[in-house]
Each structure stands twice: as structure tokens, then as C-alpha cells.
Amino acid sequence: MGCGRVGAALAGSLEARGHDVAVIDRDKDAFRRLGPDFQGRRVTGVGFDRDTLVRSGIENAYAFAAVSSGDNSNILAARVARETYGVDNVVARIYDPGRAEVFQRLGIPTVGTVRWTSDRIMRRLLPIGAVPQYTDPTGRVVLAEVPAHAQWIGHRMAEMEQRSGARIAYYTRLDQGHIPGPDTVFQELDVLHVICESEALHAVENVLLEPPAERD
């Protein structure tokens, strides 16, 4: 739902991967963004209206993305898709960070556009501190990019997990993701992506930002 720049790009990417795609927008002129090669359905209507959703094929949908410009419309459409039509893979685009946290507690994964953008900019300006990348729908578990002190270089990531109490889900080295093994050693410029309970993230960050020798 939503054929703005994000919605049109998402629809094109999904179709390029071989998926059948339907795009809903109340403004039929918005479909121009899809381009002449788009083979999916263009459905004019309100994205949370049941008749509109049925015309788009919601009853057989594998996934639903609500990416219009309105927070209320997105969350309402996402809830109808999940609760009325049983679509398991649902995501809503939310501009208000405060609302995003509330809606995640309702079981609707959200992409908080403003928070995500500001986090990424802050990460580039001040490369210190954890950057949450994903929070589960209940808000209890978080996947975050966490920096580590330079003195951790040469230590095994298994030791970093043991000291911090978090699990390193994966690490990025030379712009490629890798899953660490028991003997994987932390190297300069590695980026850690850890998973832990949300309440423990600050403590995990504090451990990894300290030189390991100071904790012996």
C-alpha cells in the first residue's frame, strides 16, 4: 500500500525477484512511478478498505507492506492485513518514532523512517554507541550494531560474547557479512551486530567499549 518513491521502488524490486505484486494507492496518477515495464496489479483505493484489499489479492498474499505517507493509514492497513486476512509477513512504515514503539507492542513490525535515518546519520557523525537495527514485535529483543574498543582486536569473538553476555549474530568485514565461529578473531574495522535483550543493550555496549584488560 502506497505508491510513493519507497512503494514504487519496493514493488519493482519484488517483481524483479519473480514475485507477483499488487500496488494500492488512492491516487491513480501515483502508478506512473512504477514505469511501463511493471506487470503487477495497480489497484486504486484506500489501502485499509476491505474491498480494496480483496481486489488486490490480499486473501492469497504472502506479505503486505504499508508504506504510504500516513502513519495512521499504514498501521490500520497493516492490522487489517494481519488480523482480518491472516497475512503473517506484515510491516508498516512509521514516521513518528514514538508511535513506532507503541505499534510494535501491538505485534506489527515497523520501519521508523525518521528514527532509522537519524540513527544512520548520527552513526556517521559520531561513530560511537549502539545503533538498533531490529526490535522484535514485543520490544524485548534487539539486534544492534555495537562498536568495540580497539584493544579487543586480536581477541576471539567468543570471548567478547562471554564478557558481554550478548550473542554476536554476525559481523561485517570489508562490507561482507559473516557468522562468527568459535575461533573467529575480532579484526580492525570489523563491525559487530549483536543480539540481546533490549534492557541489556546499554550494559553490553559498556563492556565492549572498555579495553578487555581493564575487566580482568
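Just so it is clear, none of the values below were taken in a lab; they were calculated from the coordinates. Owing to the predicted nature of the structure, the values given are computational and were not obtained by experimental measurement. So basically every Cβ, Gly included, is an ideal-geometry build from the backbone, and we count neighbours across all protein chains shown.
What the table shows:
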quantity: Which of His202, His155 has the fewest Cβ neighbours within 10 Å, and the rest in rising order; calculated: His202, His155
quantity: Among beta bridges that DSSP assigns inside the chain, antiparallel share in %, nearest 5; calculated: 65 percent
quantity: Paired Rg and Dmax values of the chain, which use every Cα atom, in angstrom; calculated: 20.7, 65
quantity: Per-residue Cβ neighbour rank within 10 angstrom, fewest leading, Tyr62, Tyr171, Tyr134; calculated: Tyr62, Tyr134, Tyr171
quantity: Packing-based exposure ordering (other Cβ within 10 Å, fewest first) of Ile153, Ile179, Ile94; calculated: Ile179, Ile153, Ile94
quantity: Shape call, segment 168-209: gyration tensor on alpha carbons, a/c limit 1.5; calculated: prolate
quantity: Label-point gap, in nm, between Ala203 and Arg5 - each point 7 angstrom along Cα→Cβ; calculated: 4.2 nm
quantity: Helix-only mean residue ellipticity at 222 nm for the chain, each DSSP H run of n ≥ 4 adding -39500 (n - 2.57), per residue, nearest 500; calculated: -9500 deg cm²/dmol
quantity: Residue of Gly12, Gly139, Gly181 that the Gaussian network model of the chain assigns the largest fluctuation, springs spanning Cα pairs under 10 Å; calculated: Gly181
quantity: Separation in nanometres of the label points that stand 7 Å from Cα toward Cβ, at Ser13 and Gln176; calculated: 2.2 nm
